[in-house]
Amino acid sequence: MAKCTKKTEEKLSDRNFSIAVIRGDGIGIEVVEEGLKVLRAVDDRAALCLEFTEFPWGSDYYLEHGAMMPADALETLAGFDAIFLGAVGHPEIHDHVTLNELLLPIRRRFDQYVCLRPNTLFSGMDSPLKKAKPGEIDITLVRENTEGEYANVGGIQFENQSSEMGVQAGVFTRHGCERVIRYAFELARSRGSKKPVTSITKSNAQGYGMVVWDRAFERVSAEYPELSTQSLLVDAAAMEFVRRPESFDVVVASNLFGDILSDLAAIITGSIGLAASGNINPEGDHPSMFEPVHGSAPDIVGKGLANPLAAILSAAMMLEHLGQAAAAAAIRKAVLSVVEQGAALPPDMGGTANTTQVGDAVVNALKPA
């Protein structure tokens, strides 16, 4: 691990953090580079001591070693304060391999049961929804992250035969549902939310697992009588995200539904290239992991087209989780400035700036006037 060499009088041990960096695949390598650039800039400005250790795990590692990461990778990562991830995915490797051998094991091993995905329509961004105005759409998705439909319980019988059969089971536990729903209510309370806390369900068709979810939502909501609530079927929620997105604030959903709706929320707020996320262990017993929502996008690798803003905003989420609210706010403010000014936007946001130029613009916006 690299040693922090900055020694200042005001340096405090609670401002020293070790960050594991996994660039992963495709444009993940490129956007992490810009995220690190911004982190180092704010590190210098805020007198932090961020120590980065890179691990070359991902699809290239798989193609060479037959595994996405070493057998002792999780034990190695356990010693870090946080994990900064780029993206995983490769056209020559099935997604169930890249996900189930890297991303999902990290989430489960470190009990990162909250996937927090904020989506805000920034000033300077156009929404595909013609009536949407900056600031009106501000949806925070709280996605259950360790069980539900992604629990990977099931199996395949008669593989590659005409009678091939796959069984995929969703796992919904009272404990798992209640804790992520309670996190959503605590978040809504901290935001002073005046809008309903929204639960996403499909218990009309999934009469076992989603009923456990609905009952958990009812029990937990009773603990927060000052907050209003609503429960929507996932198809109705998708419709309402488009029809009246301004009516939502904190939305809590199962693993699958949260994944789908957060992508929709990203698009109606301008671009998935702005969609940050944190895989969070709220108790702080294990490291949390921060990553952009977008994938590895192998078709644009090396072309300078990758939008690094989601990775940069994920880095801000990481600093906030580590208790460095001022540094996190400085990054978000710099990103908002770059977006609002519009001079250094990537192609997916209507600009012509390349990946490096966007990162440089954020760094320049960090500098005091």
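Observations
- Positive-end residue, the range 80-162 charge dipole about Cα centroid, Cβ charges, pick of 125, 82, 160: 125
- Here the chain is assigned +1 on the Cβ of each Lys and Arg and -1 on the Cβ of each Asp and Glu. Its dipole about the Cα centre then comes out at about 1200 debye.
- Spatial separation of Cα centroids for the range 113-158 and the range 260-332, in angstrom: 12
- Virtual spin-label span in nm between residue 223 and residue 336, 7 Å along Cα→Cβ: 3.1
- Applying D = kT/(6 pi eta Rh) to the chain, where Rh is the Kirkwood radius over alpha-carbon pairs, T corresponds to 37 °C and eta to 0.692 mPa s, the Stokes-Einstein value obtained is 154 µm²/s.
- Evaluating 6.51 cos²θ - 1.76 cosθ + 1.60 at θ = phi - 60° for every residue in the range 200-214, the Karplus couplings come out as 9, 9, 7, 6, 6, 10, 10, x, 10, x, 6, 5, 4, 4, 4 Hz, glycine and proline recorded as x.
- Estimated at 0.36 nm per residue, the fully extended path between residue 168 and residue 72 surpasses their Cα-Cα distance by 31.7 nm.
- Highest mean packing first, where packing is the average number of other Cβ atoms within 10 Å per residue, the peptides 158-164, 277-283 line up as 277-283, 158-164.
- Put in line by how crowded their Cβ is, counting other Cβ atoms within 10 Å and starting with the fewest, 285, 95 read 285, 95.
- When all alpha carbon pairs of the range 291-369 are counted in 10 Å bins from zero, the resulting P(r) reads 19, 49, 27, 4 %.
- Radius of gyration (Cα atoms) of the range 204-330, expressed as a multiple of 2.2 N^0.38 Å: 1.24.
- Length-normalised contact order for the chain - Cα pairs under 8 Å, 6+ apart - percent: 22
- Considering only the chain, percent of DSSP beta bridges that pair antiparallel, nearest 5: 45
- Ascending count of other beta-carbon atoms within 10 Å, so fewest first, for 312, 272: 272, 312
- With a threshold of 20 Å on the Cα-Cα distance, the over-threshold entries among 37/333; 133/195; 130/194; 37/367 are 130/194.
- Fluctuation leader among 20, 330, 205 - the chain, Gaussian network, Cα springs under 10 angstrom: 205
- Whole-number D in µm² s⁻¹ for the range 51-197, Kirkwood Cα-pair radius fed into Stokes-Einstein, 25 °C, 0.890 mPa s: 130
- In the range 325-369, Cα pairs under 8 Å separated by at least six residues give a relative contact order of 36 percent.
- The helix-only estimate of mean residue ellipticity at 222 nm for the chain, built from DSSP H runs of length n ≥ 4 each weighted as -39500 (n - 2.57), is -11500 deg cm²/dmol after division by the residue total.
- Full extension of the chain between residue 343 and residue 95 gives 85.7 nm of extra length, using 0.36 nm per residue less the Cα-Cα distance.
- Among 37, 195, 303: highest mean-square fluctuation, GNM of the chain, C-alpha pairs under 10 Å: 303
- Given their separation in residues at 0.36 nm each and the Cα-Cα distance between them, residue 191 and residue 159 gain 6.5 nm when the chain is fully extended.
Every read-out reported here was derived from the displayed coordinates using simple, explicitly stated rules and does not represent laboratory data. In this text the structure is predicted, and so the values were computed from the model without any measurement. All Cβ positions, glycine included, derive from the backbone under ideal geometry; neighbour counts span all protein chains shown.
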